[in-house]
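These notes concern the structure reproduced below.
Each value in this text was obtained by applying a stated rule to the coordinates, not by laboratory testing. Predicted model, so just to flag it, every value in this text is computed and none were measured. Virtual Cβ from ideal backbone geometry, glycine too; neighbours counted across all protein chains shown.
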Amino acid sequence: MTITRTLRRGARTVARRAYVAARYRGHRYLCPCCERRFRRLAPHGQPPRPDRACPNCRALQRHRLLWLYLLRERNILSRSCRVLHVAPERAIRRRLASAQNLIYVTADLKMTEAAVHAELSRLPFEDACFDIVICSHVLEHIEDDFASMVEMRRVLAATGQALVMVPVNPRLSQTYEDPSITDPDARKRAFGHPGHVRYYGADVTARLVESGFEVDPIDYVDHMPPGEAERIRASRGELIYVCRR
């Protein structure tokens, strides 16, 4: 049975690769996560929006931006580094897991792919034991986000960085949250997603600072050479909150 399942999985993988090659073959867009080129990107979201996801590794705009930051600003593939990746996205996880220069740890409460199963607000690690903490689109799912921010700071080395990304509603000056909203449909209407417990506003930086971090919000599109943002299908506004102790 195991051999049969393995063969079926392999056949599906081959079929999918052939489909992607035929449907998306081209050179207009580049996905830096898997280093593949396409004439267009795949739709994503509900309702589906065109040119969002990499057809090969499924990386979204935020993943592509974060990966370029890790490559260029943190030299993630060329220096020794201790990395904690919370709720690890597949496209980035695959690159980091194969890097021989890293001590790479993944953590999540429920995700089967994570090596450590724990709540972000109660991590089972010693103080100051990671050089980089990656936490992208996680805090909006967690009821006690302040405790999670404090915990990320605790496990971060003195010279390290926590890279935090969250969905932000630019029309809100303050984060909107209501613990009484528990129904998934009601949460989708209130916070934009059935699994979210808040909608972050412009006060994200202040909330991170309150937890003890020094914070530098970066719109990484502004650091790209001319034409690259269009080539990787990125736009301004997807901020990386670079947090230091």
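Observations
- Per-selection metrics, the range 128-188 (Cα): Rg and Dmax in Å: 14.1, 42
- Signed unit charges on C-beta, dipole axis of the range 60-244, positive-most listed residue Ala99, Tyr220, Ala157: Ala99
- Computed helical MRE - 222 nm, the chain, DSSP H runs ≥ 4 contributing -39500 (n - 2.57), nearest 500: -9000 deg cm²/dmol
- Relative contact order of the chain, pairs being alpha-carbon contacts under 8 Å that are 6 or more residues apart, as %: 15 percent
- Per DSSP, loop trypsin sites (Lys or Arg not before Pro) in the range 140-233 with at most 10 further Cβ within 10 Å: Arg171
- Cβ-placed point charges (K, R +1; D, E -1), dipole of the chain about Cα centre in debye, nearest 20: 2000 debye
- Cβ-based exposure ranking for Thr175, Thr159, in which fewest neighbours within 10 Å come first: Thr159, Thr175
- Centre-to-centre separation between the Cα atoms of the range 199-245 and those of the range 131-151: 15 Å.
- Ordering Leu66, Leu172, Cys33 by the projection of their Cα atoms onto the charge dipole of the chain, which places +1 on the Cβ of Lys and Arg and -1 on the Cβ of Asp and Glu, puts Cys33 at the extreme positive end.
- Simple Cβ-charge dipole of the range 169-245, Lys/Arg +1 and Asp/Glu -1, about Cα centre, in debye nearest 20: 160 debye
- Taking label positions 7 Å along the Cα-Cβ direction at both Lys110 and Arg171, the computed distance is 2.9 nm, reported to one decimal.
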